[in-house]
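All remarks here apply to the structure that follows.
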Amino acid sequence: MTPSKKDFVAEAEEILEEVTSSALELQDGFNADILNSVFRSIHTMKGLAGLFGLKALSEFSHAFESFLDDLRMERIDFTPEVVEFILNTIDVLRGFVAEVGEGRELSDVEEAIRDIEAFRKKAPRKTGEVSIEDIGLDPSIVKVLSEYEEQRLKSNFREGKGIYIIRTIFKLDDFSDRIEELTSILKRTGEIIATLPTSEGVPDGHLGFNFLYSSKESEERIRKDAGVDDIKVVVQPTPPVQKKTYQPRPSPSLKSSTNTVRVDIDKLDSILDNISDLVMAKGAVFRIAKELSETYGYEPLVIDVHKVAQSLERSLTELQERILGLRMIPFQQLFIRLSQIIRRYARNTNKEIELKLYGEDTEIDKQIAEDIMDPLVHLVRNAIDHGIETKEERLRLNKTPHGTLTLKAYSKGNSVVVEVKDDGRGLDVEKIRKRAIEKKLIKEGQELDRREIINLIFTPGFSTKKDVSEISGRGMGMDIVKEKIASLGGFVDVETQENAGTTFIITLPITLAIVRALIVQCGDQRFAIPLTSITETITVSEADIQTIEGREVIEHRNELLPLVRVASVFNLKESHQQEYYAVIAGVGERRLGLLIDTIHEQTEIVIKPLGEHLRDIPCLSGAAEVGRHEVVFVIDMDRMMEEALRRRDISTSAL
């Protein structure tokens, strides 16, 4: 992608993020300020596309802008179908921006423009037009109103709201703060149609403004709430107000963009690569300092080397944290996109779904956030299609008529946890087992515990739903979720209860750039295990190990914990000793203990991909350099758990 195209895509994605957030609020009801915000964003997109010579995209944005102008000018009626069309058109625009980013020719732009024009023509029209003279506003004020402000004035009058002129005078030194405060108060209960400067009766050193204001509230209530005395009533509100008005959400405070600069993510990756090299160099300096102290004792020169090493570590840690901080984005950005998808699928399935969001301020590396979007989309699709019941079925089960889908994100040590939870029918364990037998994934009569049966949903091609729908049921999806999460160094766990719902728990590293790991050894081979996978380490004696149904286990915290000997997985020479270390990994019921000979240290590693000749080795996610330029393999804990299950099946079938 050329630098100019990168600049365009970066600007366009910011606009799309803003316009999507605003458009989603329109689903709660009509709001002139929000609709105007969407209109301005698309107008900006049109100008941006034209500036970069993207004529087709500029023409599409112009067609969309014209439709939005008809809506805000009330030439088109505001209906749920119109809101859905706006959201769908934003998705089309996002697709065009993605094509620009990939360097492809824009596809079907003319057809997309025709779709906008066709919907624009058939959209319901407003009826009952009001004349501006009917309102009785001073002609001198009417004369300076824009066409849009006139339309908003007519609309509020037609809805029976009161029309007021609020006269204010502010001192020059604080008028900006005062006018912003008053504007915020007035917007809570009405609409500011226009803000008009005035010089009539304004003393020196002051500024005067007339607010043309509309509200269902009485003059007395406005006077009390706003703290102003000079209010002229043009039209009294018509009681009672039959139509429920939209209560605007408080606007989030936005930081000024004047002190920020947009940075290409590739440049940050390049800097992180350099930091990764420095991390390895730092490890070498510490190793040299240790060897010098062992050889020469604490001579002044050796002490200086130690001090330099510690100073390097502090500075490098601070630099690393700051660079990683630049890559971090809040989950709010992911949840906004998922909210739109969830609402669309809910409409397609005719299901009522309440969406709950928690942890929107939790941050994650932008690259991981982009890579995790597809798995999250798969999970919410399955929750809507497979998990949450229809309204009629929920009522038969004495549930609320609407289902609840909860998205939660929170930090946990060096990891980020994302939960996708529904209150639907839950997973039918027996149905999963029978389906797995039908597909010959397991044998008839094969003994599996509940956790192992549930994990069969991650098998490629597995699905309990025989009818293919637009949303899911094509026998694909969950295996992609697991594979993608594993490739990011994370793992997924499932908690489910019949008729109470299902929760998918995804644990991910905060960043993939530099990872803290535990260096362990089996025989002559060292391995690295990312700390994000580890819950604790314990010592295990040979006498504590039992064998149940072909699987080695120990009793730990009053539960049976399955064990895997790392040496046997990688066909290494096993050392027979009376006591081992067990590295315990996993979440909830899905836990595993890795038996190893020695634990060396915790250190920071930079994971590099395996070469072509090594990539087929199971249970490895990459390699890293530690110590005296020693290369160690990085263990993939998610695949290690699968390996434990596979080995158990082999053992039991041989009996």
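Values quoted throughout were computed directly from the atomic coordinates according to the rules given, and no laboratory measurement underlies them. Since we're looking at a predicted model, the values are computed, not measured. Neighbour counts are summed over all protein chains in view; Cβ atoms, including those assigned to glycine, are modelled from backbone coordinates with ideal geometry.
Calculate one ³J(HN,Hα) per residue across region 552-560 by plugging θ = phi - 60° into the Karplus curve 6.51 cos²θ - 1.76 cosθ + 1.60, and present them in order as whole Hz with x for glycine and proline.
Along region 552-560, the couplings run 7, 9, 10, 8, 9, 6, 6, 9, 8 Hz.
Let's test the formula: R0 of 25 Å, r as the Cβ-Cβ distance of TYR298 and ILE599. What FRET efficiency results, to the nearest 0.05?
0.35
Rounded if a/c is under 1.5, else prolate if a/b is larger than b/c, else oblate: which is region 331-509, with a ≥ b ≥ c the root eigenvalues of its Cα gyration tensor? Mind dumping the intermediate values first?
Details: a/c = 1.74, a/b = 1.16, b/c = 1.50.
It is oblate, given that a/c is not under 1.5 and a/b is not larger than b/c.
Under 8 Å for C-alpha pairs, at least 6 residues apart: give me the relative contact order for region 331-509, rounded to a whole percent.
24
Along the Cα→Cβ direction, 7 angstrom out, place labels at ALA118 and ASN571. What is the inter-label distance in nm?
Inter-label distance under the simple model: 6.1 nm.
Say each of GLU13 and LYS412 gets a label point 7 Å from the Cα, pointing the same way as Cα to Cβ; how far apart are those two points in nm?
2.8
Less than 12 Å from a label point 7 Å out along the Cα-to-Cβ axis of GLU630: which backbone N atoms in region 486-529 qualify, by residue?
519-528
Work out the FRET efficiency for GLU159 and LEU355 from their Cβ-Cβ distance, taking R0 = 41 Å, and round it to the nearest 0.05. Spell out each step's value before the answer.
Numbers: r = 30 Å, r/R0 = 0.72.
Step by step, r from the Cβ atoms, then E = 0.90.
Compute the separation of the alpha-carbon centres of region 157-176 and region 540-598 and state it in Å as a whole number.
So the two Cα centres are separated by 74 Å.
Please find the FRET efficiency linking LYS187 to LYS307, where r is the Cβ-Cβ separation and R0 is fixed at 51 Å, and quote it to the nearest 0.05.
Efficiency at R0 = 51 Å is approximately 0.30.
How much length is gained if the chain between GLN236 and ASP449 is pulled fully straight, taking 0.36 nm per residue apart and subtracting their Cα-Cα distance, in nm to one decimal?
That works out to 69.5 nm of additional length.
Cβ neighbours within 10 Å, averaged per peptide: list 228-234, 519-525 in order, most packed at the top.
Packing order, densest peptide first, comes out as 519-525, 228-234.
Taking a point 7 angstrom from the Cα of ASP544 along the C-beta vector, which residues in region 566-580 have backbone N less than 15 Å away?
577-580
Tell me the relative contact order for region 515-654 as a rounded percent, counting alpha carbon contacts under 8 Å between residues six or more apart. Display every interim value, and only then the final one.
Values: 260 pairs, mean separation 40.2, N = 140.
Relative CO of region 515-654 lands at 29 percent.
Is region 486-636 best put as rounded, prolate or oblate by its Cα gyration tensor, with a ≥ b ≥ c the root eigenvalues, rounded for a/c under 1.5, and otherwise prolate when a/b is larger than b/c, oblate when not?
Verdict is oblate for region 486-636.
Please list the non-local residues whose amide H lies under 5 Å from the amide H of ILE607, H modeled 1.01 Å from N, same-chain partners needing a gap of 5 or more.
Placed amide hydrogens put VAL515 under 5 Å from ILE607.
Determine the alpha carbon to alpha carbon distance for each of LYS122/LYS366; LYS351/LYS484; LYS290/LYS608 and list only those over 32 Å.
Table pairs above 32 Å Cα-Cα are LYS122/LYS366.
Just from its helices, what would the mean residue ellipticity at 222 nm be for the chain, if runs of 4 or more DSSP H residues each count -39500 (n - 2.57) and the sum is divided by every residue, rounded to the nearest 500 deg cm²/dmol? Let's see the in-between values first.
On the way: 19 runs with 282 residues, N = 655.
After summing the helix terms and dividing by residue count, I get -14000 deg cm²/dmol.
Arranged from highest to lowest average of other beta-carbon atoms within 10 Å per residue, in what order do the peptides 434-443, 358-367 appear?
Per-residue mean Cβ counts within 10 Å order the peptides as 358-367, 434-443.
Arranged from highest to lowest average of other beta-carbon atoms within 10 Å per residue, in what order do the peptides 393-401, 498-506 appear?
Going by the mean number of other Cβ atoms within 10 Å, highest first, we get 498-506, 393-401.
Given a cut-off of under 8 Å on Cα pairs at least six residues apart, what relative contact order in percent is computed for the chain?
Numbers: 971 pairs, mean separation 51.5, N = 655.
Computed over the chain, the figure is 8 percent.
Hey, of (1) 31.6, 100; (2) 37.4, 132; (3) 26.3, 78, which did the structure itself give for Rg and Dmax of the Cα atoms in Å when calculated?
Correct label, based on the coordinates given: (1).
For a test of the definition: using alpha carbon positions, the gyration tensor, and the 1.5 limit on a/c, classify region 490-577 as rounded, prolate or oblate.
Verdict is oblate for region 490-577.
If each residue of separation counts as 0.36 nm, what is the full-extension length gain between ASP28 and LYS267 once their alpha-carbon separation is subtracted?
Going from the current span to full extension adds 82.0 nm.
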